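The structure under discussion appears below in the form of C-alpha cells.
What follows is calculated from the coordinates using simple rules that are stated; it is not laboratory data. Everything quoted here is computed from the prediction, not taken from an experiment. Glycine gets a Cβ as well: all are built from the backbone with ideal geometry, and neighbour counts include every protein chain shown.
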Amino acid sequence: MSAAVTTAPDTEDGRHARRERNRLAVVDAMLALYAEGHLDPSSDQIAERAGLSPRSLFRYFEDLDDLVRVAVSRQYERVRPLADIDESTDRPVADRVLHIVERRLGLFDAMASAGKVSRLREPFQPLIAQQLGQARLFWRRQVQQLFAPEFAAMAPARAEAALATIDVLISFESVQLLRDDQGLARPRLEAALVDSITRLLEA
C-alpha cells in the first residue's frame, strides 16, 4: 500500500510532463507549418508534423481555433523582447527614427506568418482580437514616448495627426503591404520609412 502511495505522484508527474511535451509539439508543428506558408493547415497536417495521431490533437486543445490562439500567443511570447525600445529621447531625432524602424522591421520579420494568421483570425476570435488591440496600443505609446519632444513642439492637431500617421506607417499591416505588395526590399523599405517619419517630425 505504501509503495503505491509513494509512486502515484511520480506517475502523475510523468503523465503531466508527457502531456505538456505533446502539447508543445503540436504548437511548434503549427508554427513550423505557418513558417512554410501553410496559413490554414489541416488537423492531419499538424498531427503528422507533430508525430501524433489526428485524433490525439484534441486531447490537448478544444478545437483548431484554440490551437491557433495558443500558437499565435507562443510566437508572440518568443519575439516579445524584440518589441522593446531602448533609445533615449535625448538622442538626436535621426537616431531615434532609425532605431524604431529597425526594431519594428526586426520584430515583424520574427513574427512572420504568425502575424498574418493573427490578423486573418482577428474578426472571428475575440481573444486574438484582444491581444492585437493590446499590441497596437503598446506600439502607439512607444511612438508617442520616443518622439515626445517633437510632438510637444507641434500644434496639438498636427501632433495628433503626425502620431497617427507614424503609428500606421510602422504597423505590421503597412510593412506587409510595402514589402509584399509593393515589392520593397529591406534596405529600400527601411529608407522609405525613415524618410517619411523624419519628414513628419520636422518642425
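Given +1 at the Cβ of Lys and Arg, -1 at the Cβ of Asp and Glu and no other charges, the dipole of the stretch 59-203 around its Cα centre is 160 debye to the nearest 20. On full extension, the segment bounded by ASP180 and SER73 gains 36.1 nm, given 0.36 nm per residue less the C-alpha separation.
Between LEU120 and ASP90, the simple label model (points 7 Å from Cα in the Cβ direction) yields a spacing of 4.7 nm.
With contacts defined as alpha carbon pairs under 8 Å and 6 or more residues apart, what's the relative contact order of the chain in percent?
Reported as a whole number, the value is 18 percent.
Compute the length gained on full extension between ARG199 and ALA32: take 0.36 nm times their separation in residues and subtract their Cα-Cα distance, giving the result in nm to one decimal. Can you show the working numbers first?
On the way: separation 167, 0.36 × 167 = 60.12 nm, distance 3.95 nm.
Answer, rounded to one decimal: 56.2 nm.
On the beta carbon distance between VAL168 and ARG18, with R0 = 35 Å, the FRET formula returns roughly 0.15.
Around TYR76, with a cut-off of 15 angstrom between Cβ atoms, what is the net charge of the other residues, counting Lys and Arg +1 and Asp and Glu -1?
On the way: positive: ARG69, ARG74, ARG78, ARG80, ARG104, LYS116, ARG119, ARG121, ARG136; negative: ASP28, GLU77, ASP84, ASP109, GLU122.
Every neighbour counted, the sum reads +4.
Distance between the C-alpha centres of the stretch 40-83 and the stretch 137-166: 37 Å, rounded to the whole angstrom. Other residues whose C-beta falls under 12 angstrom from the C-beta of ARG136 contribute a net charge of 0, scoring Lys and Arg +1 and Asp and Glu -1. Fully extending the segment from LEU82 to ARG59, taken as 0.36 nm per residue of separation minus the present Cα-Cα distance, adds 5.0 nm.
Here the chain yields Rg over Rh of 1.13, to two decimals, using C-alpha coordinates and the Kirkwood radius. Build a GNM of the chain with springs between Cα atoms under 10 Å apart, and of ARG103, ARG121, ARG55 the one that fluctuates most is ARG55. Phi angles of the stretch 114-130 translate, via the Karplus equation with coefficients 6.51, -1.76, 1.60 and θ = phi - 60°, into HN-Hα couplings of 4, x, 5, 4, 4, 6, 5, 8, 3, x, 10, 10, x, 5, 5, 4, 5 Hz per residue; Gly and Pro are given as x. Taking all Cα pairs closer than 8 Å and separated by 6 or more residues, the relative contact order of the stretch 81-201 comes to 31 percent.
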